[in-house]
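The values are calculated or read from the model by the stated rules, or taken from the named source; none is laboratory data. From a predicted model like this one, the values you see are computed outputs, not experimental measurements. Using ideal geometry, Cβ is built from the backbone for each residue, glycine included, and neighbour counts are taken over all protein chains shown.
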Amino acid sequence: MTRRILFNLFAWSIVLAVAFPLFWMVVTSIKPQFELFRRPPTILPETVTFEHYWRLLKETNFLIYFRNSVVLSVATTVTVVSIATLGAYSLVRFRYRGRESLAFLVLFTYLLPSVVLIIPLYLMLVTLGLANSILSLVIAYTTFALPYALWLLRSFMAGIPEDLESAALVDGASRLGAFWDVILPQLLPGIISTALFTFILSWNEYLFALVLINSDSARPLTTGVMNMLVSSFNIEWSLLMAASVMMSVPLIIVFAFLQSYLTRGFGAGGVKG
Amino acid sequence: MADVVFSNVQKTFGTFTAVRDLDLTIRSGEFVSLLGPSGCGKTTTLRMLAGLEFPTGGTISIDGKVVNDTAPGKRDIAMVFQSYALYPHMTVAKNIAYPLKKRGVPAAERDQMVAKAAEMLQLTPLLNRKPGQLSGGQQQRVALGRALVRDPKVFLLDEPLSNLDAKLRGYMRAELVELHARLGRTMVYVTHDQLEAMTMSDRIAIMLNGDLQQFAPPQEVYRFPANRFVAGFIGTPSMNLIDGELTRAGSGWRFCAASLDVPVGPLNDMAQPGPACLGMRPESLSLGAGEQMAKVLLVEQTGHENIVTLQFAGQIRLTARTTAAQDLQMGADVAFAIDTSALHVFGPGETGPRLNRLLENKSSETDGQT
Ligand SMILES: Nc1ncnc2c1ncn2[C@@H]1O[C@H](COP(=O)(O)OP(=O)(O)OP(=O)(O)O)[C@@H](O)[C@H]1O
Ligand SMILES: [Mg+2]
């Protein structure tokens, strides 16, 4: 009994430690300016204001950055998931020379720290004439999200019995038809996890965005907000917190929407054994 | 109507040979079973016929056309998979309708055909469930339904009844035989249950380690097994197989093992003095009278008959079949006689060929030389 209580206490203290910064972020974003630096600080704001949100939306480039981030993340996610799904299918279903080494080589590129790749990638993108565009970031993020996505989907794909596809082929489906009718629905949980992973990665990425983009029209939220609100002289805390809250909202929505898919029991009991 | 011809078909996985030099001609409308122990290459053979596995040698033809390079969907076959392979995200009705849908059958017609197949397989109340909500036997029936809903040239069935309970299995066996009679379609039926193969097939192809051992009608396989493996594999309880010596006796032959010494019928040209194997069915031993003595080890009562295990001449074990009326005590000694007109003689080795002269080569497609 006491062990149980102790365990609960422990778990809750961890939850609090993790949740407190988030809580503080929200609280700071709705405090009026004068209340921000009061000592002792107020836990709950005495007056609630949304002026920071207003200012952010009305007077800054926030919406442009936000749109860039959405375009960027969606494009990266779609690209990565499409390529990785087909790649994983190939790695699992077809037998060809160097299949295993290919898979390991792909993973190996993932082990390389991305910082090492940033300069070569930048130079390459400049040569291609893509520097300073959202497309350049999509390409960059794809390079480091793809290997992991490929491995993730490969293991999901390997869990789909080959007989399912064989049955579809015998039933008169083409290979692509069997893939569409049978493999994809089975792979859905894998695709969703991969999509989540890629989306979060591209939504939060900072370093590449910082190096590859220096025009306001193409900046994503991460670098845009930092650029706008953090200078060597001043940090606009309340605006920063409001921006952070709004940056988190899409992720929370995406998670809430997809979580039910992730936990729903797909694929159970289709095959004996 | 379509005949199926395997000609010199070979399948290797890397260095492992799963099917070796298979020659098999299945006549149009025939019900053929592929029978053999686990891992003998039955599924591989079926998958090659379905187009899911490429033969590494030889040709397969359906209806006179070589189909080696024909896609599975273009072969006009239907298949029940050993693993069922039901589409988990589709309802039972959708599963059964899928092959129709892929072949462009209009929706209204499709529903009718699905309803008919479901009726036959007693699946009607389950049509809206997903495969995950079905028992193993129900899943198996759905898999059957998906194959039977169409009217293809050839039906391929990979152990379709293995997961049903005894009663339903009996029912489905009769149902399949009836269906075969009605449709007159060629059916290739994989099983490792010899009773199924014996009761349902026109001919049985018995395989071992990728080699075809015998291809003949059930009665012939039972009465004139092509080699020792077939002899031991077909029949329950299985044939008694005794290793011993073959010796010449005048113009005939005798077989000796321990204290057993019996004359054996006319043998063929392959017979040589030396090690050989004697086969006798449990029903060719009669207990209670005779010149041989054995000890009763075990009496298994099945109801209408008893299966008796005997210990003979120290180490030889024999199985005999008697009427339930015969009262035998375990541990007691009993006299027995051997019906010498019903003995089988095989060469040495696991697949030692049949040596009896009578009808030894009746079946046209035997492969006992391995
Ligand atoms: N893809 C594969 N790669 C390598 N070996 C394989 C492959 N498929 C089958 N085999 C081997 O080929 C042999 C025959 O397999 P198969 O599935 O045809 O056996 P089976 O007669 O159907 O047995 P069971 O009664 O257990 O289903 C087995 O030894 C198996 O291990
Ligand atoms: Mg099998």
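Brief remarks follow.
- Some residue of region A:231-252 being of a type in the set (S, T, Y), buried (at least 16 other Cβ atoms within 10 Å of the Cβ) and more than 14 Å from chain B (Cβ to nearest Cβ): yes
- Listed by first and then second residue, the pairs linking a residue in region B:322-344 that is loosely packed, with under 14 Cβ neighbours inside 10 Å to a residue that is of a type in the set (V, I, T), with Cβ atoms under 7 Å apart and 6 or more places separating them unless they lie on different chains, are B:Q329/B:V296; B:M330/B:V296; B:M330/B:V299; B:G331/B:V296; B:A332/B:V296; B:T340/B:V262.
- Note on region B:94-122: residues that are in a helix (DSSP H, G or I), more than 9 Å from chain A (Cβ to nearest Cβ) and surrounded by fewer than 22 Cβ atoms within 10 Å (Cβ to Cβ) amount to 13.
- Residue check for B:K65: in the same structural domain as B:P160 (by TED's automatic domain parsing) and within 16 Å of ligand 2 (Cβ to nearest atom): no
- Residue check, B:L24 in the same structural domain as B:P217 (by TED's automatic domain parsing), in contact with a helix residue (DSSP H, G or I) (Cβ under 7 Å, 6 or more places away or on another chain) and closer than 22 Å to B:E159 by Cα: no
- Some residue of region B:76-84 being under 23 Å from A:R95 (Cα atoms), surrounded by fewer than 21 Cβ atoms within 10 Å (Cβ to Cβ) and either away from ligand 2 (no atom under 13 Å from the Cβ) or away from chain A (no Cβ under 14 Å) (or both): no
- Filtered residues of region B:20-76 (kept if part of a strand (DSSP E or B), of a type in the set (S, T, N, Q) and within 18 Å of the chain's Cα centre (by Cα)): B:T25, B:S33
- Selection count where residues are farther than 30 Å from A:S238 by Cα and among the hydrophobic types (A, V, I, L, M, F, W, C), scope region A:4-23: 6
- Answer from B:T59, B:T70 - the residue that is more than 8 Å from chain A (Cβ to nearest Cβ) and free of Cβ contacts under 8 Å to residues at least 24 places away in the same chain: B:T70
- Residue within region B:40-52 that is away from every other protein chain (no Cβ under 14 Å), away from ligand 2 (no atom under 16 Å from the Cβ) and either aliphatic (A, V, I, L, M) or in contact with a helix residue (DSSP H, G or I) (Cβ under 6 Å, 6 or more places away or on another chain) (or both) present: no
- For region B:57-84, the candidate set comprises residues that are farther than 30 Å from B:I234 by Cβ and of a type outside the set (D, E, K, R); within that set, the residue that is farthest from ligand 1 (Cβ to nearest atom) is B:G64.
Yes/no matrix, rows are residues, columns are (1) in a loop (DSSP other than H, G, I, E, B); (2) within 14 Å of another protein chain (Cβ to nearest Cβ); (3) surrounded by 18 or more Cβ atoms within 10 Å (Cβ to Cβ); (4) of a type in the set (A, V, I, L, M, F, W, C):
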{"site": "A:A178", "(1), (2), (3), (4)": "no, yes, yes, yes"}
{"site": "A:I183", "(1), (2), (3), (4)": "no, yes, yes, yes"}
{"site": "A:I191", "(1), (2), (3), (4)": "no, yes, yes, yes"}
{"site": "A:A195", "(1), (2), (3), (4)": "no, no, yes, yes"}
{"site": "A:S202", "(1), (2), (3), (4)": "no, no, yes, no"}
{"site": "A:F208", "(1), (2), (3), (4)": "no, no, yes, yes"}
{"site": "A:N214", "(1), (2), (3), (4)": "yes, no, no, no"}
{"site": "A:R219", "(1), (2), (3), (4)": "yes, no, yes, no"}
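- Across region B:123-159, the qualifying residues are those that are within 16 Å of ligand 1 (Cβ to nearest atom) and at pLDDT 90 or above, and the one among them that is farthest from the other protein chains (Cβ to nearest Cβ) is B:L157.
- Taken residue by residue, region B:201-216 has no member that is more than 16 Å from ligand 2 (Cβ to nearest atom), part of a helix (DSSP H, G or I) and of a type outside the set (V, I, T).
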